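Note sheet for the following structure.
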Amino acid sequence: MQRALLALAALVLLGLGIVPLAAGHFHLGVLVPVGLGLAGAYLVWRWSVVLAWCAAAPWRRALWRAAWLGLALWVLSVGWLWQHIAGLGQTPATTAPVAAIVVLGSGTQDGKPRPALAMRLDTAAQLAALQPKAVLAVTGGVDFGQEESEGAIMARYLAQTHGLDPATMVVEERSTSTVLNLEWTGPILQQRGVDLAQPIAIVSSDFHLWRALQIARSQGFSHPIGVAAPTPLLTRFNVWLREYFAVASSWALGEW
């Protein structure tokens, strides 16, 4: 029974990793399930040999149990984080009046927003239509392998898809992380007369909002309001898993 369950888990993990990998997504949220799936498949294949190896010495049995305990604790920690980020954020219709709308970058390809970024921009456009007096800011530098800044691509997408005027937008084009998105957008908003103590909408993917809001507060945004954009179904599991490592890294680096 244990071997059968492990085989099933390995197949699921491999599927969750290989499908987005084949679609061109390459990050920890993809590589970890592939790695775990391959490890599980190897254990299934060598099950009798592994059990015999463990039975040969007490320290090996202890190591075997410790490895499974460590994996279980890690899974619990992932679940704890997911419980915190699930359902976080407002919709455009439920967002209180704000002085500005900041759209965080999420990757571009061939001069166009990737699906996750397009969903953030679509959500921001809905909010901008409901609150036309709010200053709209898009933020992001040049992605690896790209020639145009994310901010410029975001502004063009909003103009072409939603009819918004790029001349009225704040376009930040240097940042390469969430911290820099907010650190460099704040002063530009202040130049446009926005007080960072005012309510400011932070538009990002649902899984990313928890960390983004923590960072926004550390960057001087006194009243950030998270507005959640949906995550593409194909990569939902993977980006939520990647966010686990991003939160751990952000915490270790003292980004909030």
Here the net charge surrounding Ala118, from other residues whose Cβ is less than 14 Å away from its Cβ (Lys, Arg +1; Asp, Glu -1), is +1
Filtering trypsin sites (Lys or Arg not before Pro) in the stretch 90-183 by DSSP loop and by at most 11 other Cβ atoms within 10 Å leaves Lys133
Low-density loop chymotrypsin sites (Phe, Trp or Tyr not before Pro), the stretch 112-195, at most 11 other Cβ within 10 Å, DSSP non-H/G/I/E/B, are Phe144
Rounded to the nearest 500, the 222 nm mean residue ellipticity computed for the chain from DSSP H runs (n ≥ 4, each -39500 (n - 2.57)) alone is -19000 deg cm²/dmol
Rounded to the nearest 5, the percent of DSSP beta bridges in the stretch 43-170 running antiparallel is 35 percent
So the angle from the long Cα axis of helix 150-162 to the longest Cα principal axis of the chain, reported in degrees to the nearest 10, equals 70 degrees
Restricted to the chain, the DSSP antiparallel beta bridge percent, nearest 5, is 15 percent
For the chain, longest principal axis from Cα atoms; helix 2-22 axis from its Cα atoms; angle between them, nearest 10 degrees, is 30 degrees
Rounded to one decimal in Å, the inverse mean reciprocal Cα-Cα distance for the stretch 92-252, i.e. its Kirkwood radius, is 15.4 Å
Checked the stretch 2-85 against the a/c 1.5 cut and the a/b vs b/c comparison, axes a ≥ b ≥ c from its Cα gyration tensor; verdict oblate
Rounded to the nearest 10, the angle in degrees between the Cα long axis of helix 115-130 and the longest principal axis of the Cα atoms of the chain comes to 40 degrees
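Since every read-out is calculated from the coordinates, none of them should be taken as a lab result. It should be emphasised that the depicted structure is a prediction, and the values quoted were computed from it without experimental measurement. Here the Cβ is made from the backbone with ideal geometry for all residues, glycine too, and neighbour counts use every protein chain on show.
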